[in-house]
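This report concerns only the one structure given below.
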Amino acid sequence: MQERYSPNDVEQASHKNWQERDAYRVTEYALAADGSPKPKFYACSMLPYPSGKLHMGHVRNYTINDMMARQLRMRGYNVLMPMGWDAFGMPAENAAIKSKVPPAKWTYDNIAYMKKQMQAMGLAIDWSREMCACDPKYYKWNQWLFLKMLDKGIAYRKTQVVNWDPVDQTVLANEQVIDGRGWRSGAPVEKREIPGYYLRITDYADELLGQVQDGLPGWPERVRLMQENWIGKSEGVRLAFTHDIRDSKGDLIQDGRMYVFTTRADTIMGVTFCAVAPEHPLATHAASSNPQLSAFIEACKLGGTTEAEVATREKEGMATGLSVAHPLTGEPVEIWVGNYVLMSYGDGAVMGVPGHDERDFAFATKYGLPIRQVIALDGKTYSTEQWQDWYGDKHGYCVNSGKLDGLNLQQAVDAVAAELAAKGLGEKQTTWRLRDWGISRQRYWGTPIPIIHCPDCGPVPVPEKDLPVVLPDDLIPDGSGNPLNKHEGFLSCTCPKCGAAGRRETDTMDTFVDSSWYFMRYTSPDNDQAMVDERNDYWMPMDQYIGGIEHAVLHLLYARFWTRVMRDMGLLKFDEPFTKLLCQGMVLNHIYSRKNAQGGIEYFWPEEVRNLYDAKGSIIGAERISDGSPVQYGGIGTMSKSKNNGVDPQSLIDSMGADTARLFVMFASPPEQTLEWSDSGVEGANRYLRRLWAYCHSHQKAVQGSHAGAADWDGADEAAKTLRREIHGLLKLADYDYQRIQYNTVVSTCMKMLNALESAQLPDTAVAHRAIAETLSILLRVLYPVVPHITWQLWRDLGYDQSFGDLLDAPWPAVDEAALVADEVELMLQINGKLRGSIRVPNGAARDEIERSATGHDATVKFLEGRDPKRVIVVPGKLVNVVG
């Protein structure tokens with residue numbers, strides 16, 4: 001055994017051993033030593049995007065997973081921990097534009113480097129199951145299931161509104177629209193309607209909502225609430241405002257009915273205007289004879305299309321000069337075009353009730369539209385000059401509403417719905433915030449949509465036998481649109497129906513498709529004849545999923561939907577893919593910056609600056625170490641390359657070892673909370689590992705010559721019994737913390753174990769050596785899932801593998817309850833209620849024995865000054881109070 005801890009040597013040796021043994025390859029239906037089947041456990045981290053290098057968020061996520069996998073393997077589980085790559089998407093195209101290399105080359109080079117980093121971390125990954133989203137062997141099944149969904153009517157084609165960059169001649173994702181302009185060209189973004197493919201996730205809305213409300217106890221409450229809000233079930237009334245507005249041919253537009261949906265039909269008598277989306281047929285009709293309105297509508301088409309962006313946009317509108325009839329009174333109601341109304345939500349029109357809707361109030365105030373109170377609340381005074389924040393109170397009642405006056409919310413809604421139904425103008429309806437999932441992306445680097453466009457037959461599905469439709473991987477995007485549109489080798493094909501010349505679809509699939517089922521492909525990675533097979537039935541549903549809170553809505557929702565589609569096609573036997581979910585916190589670090597001469601912000605690495613502190617020790621600023629110039633301290637924030645506050649895991653691994661990195665990220669914070677980076681904390685983690693190595697080296701002979709298993713401890717001296725009692729007590733705590741995934745306190749417990757071993761005053765006897773051997777074996781096994789390299793090496797060097805086998809499959813230590821029972825207990829001694837010392841009595845001593853020991857104590861004699869005690873109060877296991 002080396003005298004000094006050398007992380008490089010230790011980690012290389014362990015990696016070599018694990019690789020030669022293929023130690024992490026997992027098979028289904030594994031058997032225990034007694035021949036019984038091991039219980040399965042599937043623990044999976046969300047797969048990374050191969051951006052080039054791992055960051056500390058990756059290190060934290062994967063170490064959490066690794067700890068879980070290793071500890072459960074020792075407890076006898078058959079544990080699967082796989083890994084893959086979310087390899088399609090926009091970042092690769094951006095990098096290709098910048099570096100002028102194909103996205104495929106950039107992606108695969110990054111995968112190779114990041115995989116090497118993961119291996120350096122010592123992760124217990126079964127690499128035989130590795131998948132990559134840009135591998136045709138994987139995305140073939142995206143295409144296959146898409147065709148099945150198309151056949152079942154779950155997938156369909158319709159026109160969609162997209163962001164269009166008129167300079168680059170390309171569709172932009174919402175995240176590529178910055179302040180209404182294209183991220184690359186800077187041109188004002190337009191809205192255009194183009195055809196695309198959608199998946200009917202709304203068909204599953206009820207089931208998705210019901211399960212997230214009642215059937216996911218292993219998920220964090222905040223994630224379930226986020227999903228519930230995103231699905232957004234609303235119960236209300238869909239009603240029609242009638243009109244006699246006709247198009248150029250004399251036909252009624254939309255059959256003379258403009259539909260809206262409202263959850264507050266009780267406010268219907270407060271309608272003073274209606275607003276329609278810029279793309280609404282009534283807006284288009286009005287604009288045909290109104291150049292000013294036409295220009296306004298064109299201006300509305302600039303900017304993003306997301307609901308979030310529209311919600312924060314300044315509300316603007318223009319009157320159309322048209323009106324519709326109020327469904328109950330028949331009075332005319334003005335129609336306005338509003339930039340805050342989305343055609344993709346509901347019917348593209350809303351009724352304006354400015355007296356009781358904050359957005360409508362702001363709009364009406366801006367344009368001088370009437371504001372009418374129709375809801376009152378006892379004790380509240382209404383004013384049309386200032387917004388009333390109690391409008392949504394469900395305990396209000398109708399006023400200024402004719403026969404509705406005095407009715408509460410539910411009574412009024414029922415009455416309005418009944419009257420509208422009688423007139424044939426409306427009915428109660430449930431609507432959803434959730435919209436069907438548009439999967440078409442006008443980008444190159446993604447799964448090709450398997451459709452052929454024929455001039456005679458229209459869109460025709462690619463025959464299943466011709467899958468996969470392979471994406472050319474040698475193209476280099478230049479920012480001027482999808483390069484597939486210029487690639488004749490990809491475009492040219494034959495119509496499967498009529499044999500005529502056709503053109504392939506150049507849209508590719510949303511990358512959320514890739515991540516909606518990859519975790520199931522891990523179970524059947526080598527099956528080229530089926531998407532999944534019976535092995536998926538063994539591993540799924542997944543027992544533990546681990547990933548960031550930023551994926552709490554879309555990824556998890558799409559994965560839940562995709563699972564149900566596969567279930568309904570007979571591919572699966574379960575409803576929900578993830579039994580438990582853990583969202584790890586982000587890794588934070590200090591941010592330092594200052595404005596440069598050009599007005600931009602220049603960021604500095606933490607190691608470049610020296611902090612300045614106030615009298616309380618708080619950071620108030622900083623200065624550059626190189627020249628002493630002032631630098632602004634920006635607090636702590638998420639690690640980011642752009643802010644120069646990231647920490648390169650590889651640099652840390654090279655200098656202090658992967659175990660130091662793992663130990664720090666697990667100790668510094670509970671897994672679900674944010675972690676603040678600390679260089680001193682990293683150094684402290686490294687010191688602990690050096691102490692552990694030093695202790696093992698100094699006790700090597702004592703341990704190697706002792707039996708490390710169960711022994712007869714009756715003849716052990718008190719020091720050995722005390723050590724065993726402390727270590728087994730700490731083991732009990734570690735067991736509990738492993739179970740509840742509080743890995744920071746597991747590390748804390750291991751630190752206490754080493755402290756106990758180092759401070760134990762043991763004689764040089766065989767029984768003391770046995771105590772060291774046993775308790776040290778417990779520490780190494782409890783610590784092993786955190787820092788597998790150093791513990792594996794020490795386990796072998798100390799000869800434990802001869803007694804228990806290799807550490808990877810060594811049995812998890814069991815708490816010896818007998819060791820927790822002390823021969824003697826210490827009781828605090830009080831004299832007349834004041835603490836005066838302590839006494840030691842045999843464990844389980846009778847009351848009279850405790851009283852004799854207390855009354856005969858020197859402190860009792862001294863403070864009672866020879867008087868006999870009046871009474872003795874014994875609190876078992878805690879104290880004795882002698883009253884005199």
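Any read-out appearing in this document is the output of simple, stated calculations on the displayed coordinates, not a laboratory observation. In this text, all values refer to a predicted model and were calculated from it rather than measured experimentally. In this analysis, Cβ positions are derived from the backbone assuming ideal geometry, glycine residues included, and neighbour counts consider all displayed protein chains.
Ranking request for peptides 28-36, 68-76: highest mean number of other beta-carbon atoms within 10 Å first, then the rest in descending order.
Packing order, densest peptide first, comes out as 68-76, 28-36.
Once you order the gyration tensor axes a ≥ b ≥ c over the Cα atoms, which shape class does segment 587-638 get: rounded for a/c under 1.5, otherwise prolate or oblate by comparing a/b with b/c? Each step should come with its number before you reach the end.
Numbers: a/c = 1.79, a/b = 1.26, b/c = 1.41.
Here segment 587-638 falls in the oblate category.
Among Ala768, Ala734, Asn686, pick out the residue whose Cα is farthest towards the positive end of the charge dipole of segment 667-820, where Lys and Arg carry +1 and Asp and Glu carry -1 on C-beta, about the Cα centre.
Toward the positive end, the furthest listed residue is Asn686.
By how many nm would the segment from Ser36 to Lys152 lengthen if fully extended, with 0.36 nm per residue of separation less the alpha-carbon distance?
37.5 nm
Write out the cysteines belonging to the chain for which the nearest other cysteine Cβ is not under 4.7 Å, or none if no such cysteine exists.
Singleton cysteines: Cys44, Cys132, Cys134, Cys274, Cys300, Cys398, Cys493, Cys498, Cys583, Cys696, Cys750.
Suppose every K and R has +1 on its Cβ and every D and E has -1 on its Cβ; what is the size of the dipole of segment 233-432 about the Cα centre, in Debye to the nearest 20? The partial results should precede the final answer.
On the way: 17 positive and 26 negative charges, 28 e Å.
The dipole magnitude comes to about 140 debye.
Any idea which of Asn65, Ala112, Ala92 is furthest toward the positive side of the dipole for segment 56-117, if Lys and Arg beta-carbons carry +1 and Asp and Glu beta-carbons -1?
Of the options given, the answer is Asn65.
Only bridges with both residues in the chain count here: give the DSSP antiparallel percent, nearest 5.
80
About its Cα centre, how strong a charge dipole does the chain have in debye, to the nearest 20, once Lys and Arg get +1 and Asp and Glu get -1 at the Cβ?
Values: 94 positive and 113 negative charges, 103 e Å.
In total the dipole reaches around 500 debye.
Students often forget the sequence filter, so: which aspartates and glutamates lie under 17 Å Cα-Cα from Lys701 once same-chain residues fewer than 8 apart are removed?
Glu3, Glu758, Asp764, Glu774, Asp797, Asp801
Quickly rank 406-418, 856-868 as a protection proxy: mean count of other C-beta atoms within 10 Å, highest first.
406-418, 856-868
Using +1 at the Cβ of each Lys and Arg and -1 at the Cβ of each Asp and Glu in the chain, identify which of Gly844, Tyr24, Pro448 lies farthest towards the dipole's positive end.
It is Gly844, whose Cα lies furthest towards the positive end.
Please list, or write none, the lysines whose alpha carbon is within less than 30 Å of the alpha carbon of Lys643, excluding same-chain residues fewer than 8 places away.
Lys53, Lys98, Lys100, Lys105, Lys115, Lys116, Lys595, Lys616
Order by neighbour count: Ser618, Ser45, Ser524, fewest other Cβ atoms within 10 Å first, most last. Please report the intermediate quantities before stating the final value.
Details: Ser618 10, Ser45 25, Ser524 19.
Ranked by crowding around the Cβ, least crowded first: Ser618, Ser524, Ser45.
Send over the semi-axes of segment 179-302's equivalent ellipsoid, whole angstrom and largest first, taken as the square roots of 5 times the C-alpha gyration tensor eigenvalues. Don't skip to the answer; put the middle values down first.
Details: eigenvalues 248, 121, 44 Å².
The three semi-axes for segment 179-302 are 35, 25, 15 Å.
Let me know the shape class of the chain, please: from the alpha-carbon gyration tensor, a ≥ b ≥ c as square roots of the eigenvalues, rounded when a/c is under 1.5, otherwise prolate if a/b is greater than b/c, or oblate.
Working: a/c = 2.23, a/b = 1.61, b/c = 1.39.
In terms of gyration-tensor shape, prolate.
Classify segment 719-801 as rounded, prolate or oblate, taking a ≥ b ≥ c as the square roots of the eigenvalues of its Cα gyration tensor: rounded when a/c is under 1.5, otherwise prolate if a/b is larger than b/c and oblate if not. Before the final figure, lay out each step's value.
On the way: a/c = 2.36, a/b = 1.34, b/c = 1.76.
Oblate is the answer for segment 719-801, as a/c is 1.5 or above yet b/c matches or exceeds a/b.
Which order, highest average first, do 330-336, 788-794, 821-827, 507-513 follow once you tally other Cβ atoms within 10 Å for each residue and take the mean per peptide?
Values: 330-336: 16.4, 788-794: 25.1, 821-827: 14.7, 507-513: 22.9.
Final packing ranking: 788-794, 507-513, 330-336, 821-827.
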